[in-house]
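Novice: There's a structure below that I have some questions on.
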Amino acid sequence: MKLGVAFGWHSLGWEDLLALVRHAEALEFDTAYVDGDVSMLGSRRDADVLDGWSVTLALLAATSRIRIGSIRLVHHWNAAHLAQAAATAERIFPGRYRFFTSIGERPEDARFGLPQVARGDRIEWLDESLDAIRALWRGEDVTRKGRFVQLDRARVRPTPPGGALPIEVGARRPRLLRVVARHADVWNVNLPPIATRVARASASLADACKEAGRDPAAIARRMLVFARVQARPDRAAALREFRRLNPWFADIPDAEIGPALVVGDAAACRDQLASSTIPLGLELPILDLTGADAAAARVTLDAFPSGKFVD
């Protein structure tokens, strides 16, 4: 089974990020995920906060095989502009750009003049945007007079081969899962690998797919899994780090999250990753190295030669 890797929270400078993505490519990892549409992270202060779209294109240009994904947040983009940008990336780097999107939320966006939109409205905005983007990729002249998307005979050229790019949507709650059911080719499961919680979210997706007339089995699944290869494992410290980096999981108690963290020596981490993710039917487990420095990230990558944990 192939693996992906994620480097997030602007924890790495450009030079270290480039070296690690190239190293992941040499190890035959399938996809590298990097920071996406983040205007400003208040906690970073004077550290570099690199624009996710610029970094995505730069990494695609600096590598030759590995796929690159970074999240596109709906309130950062005009739908037609996003469709055109993604189609252009596909034209220049065929098959290597991962179109990954969700609703996002950062209070710092207000400093950049971006709208502060309620969660339910952002879900509606994403739904309207993905509907328009699909039509634009099919080569249609698209007019929309929605609540959030207004287009007047917009068109995209070139269109992606086959008239579409795979759409990956991050979600875990029922309303956003209905957007996954209507539009996504890939569900990025926004949960730790906790079987009971993933099962509940999967049931919600199945209900939404039934409403949308889709087979849930047609939607592939990916998931970020917090991973740290350490000679002297410290699970308590790893849990604290996970909590700091993932405040949106505050509703999940430590007793559930702790066992879901992949922490230990190389062999133990491979075994933990297999036992926690294989039962979930993932197309691509993603090693979440967010927050790790360059040296620690490289140690964890090296524990998974050939970008796999199961042959």
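Novice: At a 10 angstrom cut-off on C-beta neighbours, averaged per residue, how do the peptides 157-165, 183-191 rank from highest to lowest?
Specialist: 183-191, 157-165
Novice: On to the next question. First compute the accessible area of the range 176-311 with a 1.4 Å probe, then give the percent of it belonging to carbon and sulfur atoms.
Specialist: Carbon with sulfur: 54 percent of the solvent-accessible area.
Novice: Still on this structure, please answer the following. Please report the relative contact order for the range 128-225, taking Cα pairs under 8 Å with a sequence separation of at least 6, and give it as a percent rounded to a whole number.
Specialist: It comes to 22 percent, rounded to a whole number.
Novice: How large is the accessible surface per residue of the chain, computed with a 1.4 Å probe and reported in Å² as a whole number?
Specialist: 44 Å²
Novice: Please list, or write none, the lysines whose alpha carbon is within less than 30 Å of the alpha carbon of Lys308, excluding same-chain residues fewer than 8 places away.
Specialist: Straight-distance partners of Lys308: Lys2.
Novice: Ignoring ligands, DNA and RNA, what percent of the 1.4 Å accessible area of the range 1-139 is carbon and sulfur?
Specialist: 51 percent
Novice: Can I ask one more? Separation of the range 276-305 and the range 142-210 by C-alpha centroid, Å?
Specialist: 25 Å
Novice: Output the relative contact order of the range 132-291, whole-number percent, from Cα pairs under 8 angstrom with separation of 6+ residues.
Specialist: 20 percent
Novice: With a cut-off of 8 Å between alpha carbons and a minimum separation of six or more residues, what is the relative contact order of the chain in percent?
Specialist: Once normalised by length, the contact order is 21 percent.
Novice: Quick check for me: using +1 on Lys/Arg Cβ and -1 on Asp/Glu Cβ, what's the dipole size of the range 8-148 about its Cα centre, in debye to the nearest 20?
Specialist: With only Lys, Arg, Asp and Glu charged at Cβ, the dipole is about 260 debye.
The values are calculated or read from the model by the stated rules, or taken from the named source; none is laboratory data. Here the structure is a predicted model, which is why all the values come from computation and not from measurement. Note: ideal-geometry Cβ built from the backbone for every residue, glycine included; neighbour counts use all protein chains shown. Remember, those area values only see protein heavy atoms, side chains included, never the ligands or the DNA or RNA. Shrake-Rupley method; radii C 1.70, N 1.55, O 1.52, S 1.80 Å.
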